[in-house]
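Inspection log for the structure reproduced underneath, given as structure tokens.
The values are calculated or read from the model by the stated rules, or taken from the named source; none is laboratory data. If you're wondering where the values come from, they're calculated on a predicted model, not measured in any experiment. Backbone-built Cβ (ideal geometry, glycine too); neighbour counts: all protein chains shown. For the accessible areas, the whole protein counts, side chains as well, though only heavy atoms, and no ligand, DNA or RNA atoms are used. Shrake-Rupley method; radii C 1.70, N 1.55, O 1.52, S 1.80 Å.
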Amino acid sequence: QTSGLAHIISVSGLHVGLLGGILFIVFRKFFSLFPIIALKSDTKKIAAIISFAIVTLYTFFTGAEAPALRSMIMFGAASIAILINRRAISMRGLAIAALFLLAWHPENSLDSGFLMSFLATMALVSLWEYWQKSDIPKPRNWFEKIVFWLIGAILTSLVAGIATIPIALYNFQSMNTYGLITN
């Protein structure tokens, strides 16, 4: 808990998002191996449907806590966006998740895990949208890719950590000082 890595050992939005992303990539690449599938249908859409089905089962199998449900709903919104040829990562998915979760259990609005999950995700989606619109050049060689991903990992941890500070201070009267380093 002191290290700021508690989110890694609990089933959270992080795990649901990672599982969904990995499954999406694996299924998309797998279906692309078969010309009869790849030439007659959109492997991206097939991968989105199958990945979302597995993510949904995983979320409910592991207890369906609010952060995991948020991630599952956002993954569902991204899957629908893929199906209708829209941008998958946007604030729209976060808003849809908030709407569903608060309509289902309004008391979630007082839960620190719910609030921290949404604040961190909102900050990360904002960072993603900024990066997509920026003129930052894409990495060209392996060294630039390593530096790019290292900077991305640091920024991700920093932005999510800063976004959750107010809730952590209010609810726990402490702030995670090691989160950036350990993440």
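A few comments on the model shown:
- Sequence of Lys29, Lys133, Lys44, Lys138 when ordered by accessible area, the most exposed leading, probe 1.4 angstrom: Lys133, Lys29, Lys138, Lys44
- Global form of the stretch 63-134, assessed from the alpha-carbon gyration tensor, a/c cut-off 1.5: oblate
- For the chain, the longest principal axis of the C-alpha atoms and the axis of helix 43-61 are separated by about 40°.
- The shape of the stretch 77-183 comes out oblate: with a ≥ b ≥ c from the C-alpha gyration tensor, a/c is at least 1.5 while a/b does not beat b/c.
- Taking 0.36 nm per residue of separation and subtracting the Cα-Cα distance, full extension of the segment from Glu129 to Ala153 would add 7.0 nm.
- Answer label for percent of Cα pairs over 20 Å apart (calculated), chosen among [x] 60; [y] 73; [z] 51: [x]
- Counting heavy atoms of the protein chains alone, Ile37 has an accessible area of about 50 Å² for a 1.4 Å probe.
- Scalar couplings 3J(HN,Hα) for the stretch 99-107, obtained by applying the Karplus form with A = 6.51, B = -1.76, C = 1.60 to θ = phi - 60°, are 4, 5, 5, 6, 5, 6, 9, x, 5 Hz; x denotes Gly and Pro.
- Calculated FRET efficiency for the pair Ala88/Trp142, C-beta based, R₀ 22 Å, to 0.05: 0.25
- Annotation: lysines with alpha-carbon distance below 29 angstrom to Lys145 (same-chain offsets under eight excluded): Lys29, Lys44, Lys45, Lys133.
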